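The structure appears right after this line, and notes come after that.
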Amino acid sequence: MNAAANTSDESAARPTVVSELRSPLIIEHGGQPVAVVLPYEEFRKLEVLRSDEEQRVKLGWAGIDRLLAEIHQRQTGIAPEQIEAEITAARSETKQVRHADRSRP
C-alpha cells in the first residue's frame, strides 16, 4: 500500500476528483484521524485480505473442534477422579510457581 497523504499536510498534492486518488487520504478532525479515503482497488484488496483471514480463522477453529472430538473419543483407562486429582495437583504447582516468581526481588 502506498504512503497515505494527510489532510493537514498542505505540501501533499491532492487530486480535486476522487477518481484521481492514487494513495490513501487520511481525514482528520481536531488533529485526530477519523477516516480514510482510498482508491477502490486498494479497498478491494483489503476486502480480499479480510475475507481470507476470516476463512483461515474458521478453518482453524474447525481443526480444533475436530481435534477435541478425537481426543474425547479416545479411551484412556484413567478414572475421572484420577484425572481431576492430576488437574488439581497441576493447578497447585502453578500457583506455587507464580507465588515464588512474585516474591523474587
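Values quoted throughout were computed directly from the atomic coordinates according to the rules given, and no laboratory measurement underlies them. Because the structure is predicted, anything quoted here is derived from the model rather than measured. Note that we place each Cβ from the backbone using ideal geometry, even for glycine, and neighbour counts take in every protein chain shown.
Worth a mention:
- Shape of the stretch 43-100 from the C-alpha gyration tensor: oblate (a/c of 1.5 or more and a/b not above b/c, with a ≥ b ≥ c the square roots of its eigenvalues).
- Applying the criteria of a DSSP loop state and at most 13 other Cβ atoms within 10 Å to the trypsin sites (Lys or Arg not before Pro) of the stretch 38-102 yields ARG74.
- Using C-alpha pairs under 8 Å with a sequence gap of at least 6, the mean separation divided by the residue count of the stretch 21-103 gives a relative contact order of 14 percent.
- Summing charges over all other residues whose Cβ lies under 15 Å from the Cβ of THR76, with Lys and Arg as +1 and Asp and Glu as -1, gives -3.
- Counting Lys and Arg as +1 and Asp and Glu as -1 over every other residue whose Cβ lies under 13 Å from the Cβ of GLU47, the net charge comes to -2.
- Here the label points at ARG98 and SER23, each 7 Å from Cα along the C-beta direction, are separated by 4.8 nm in the simple model.
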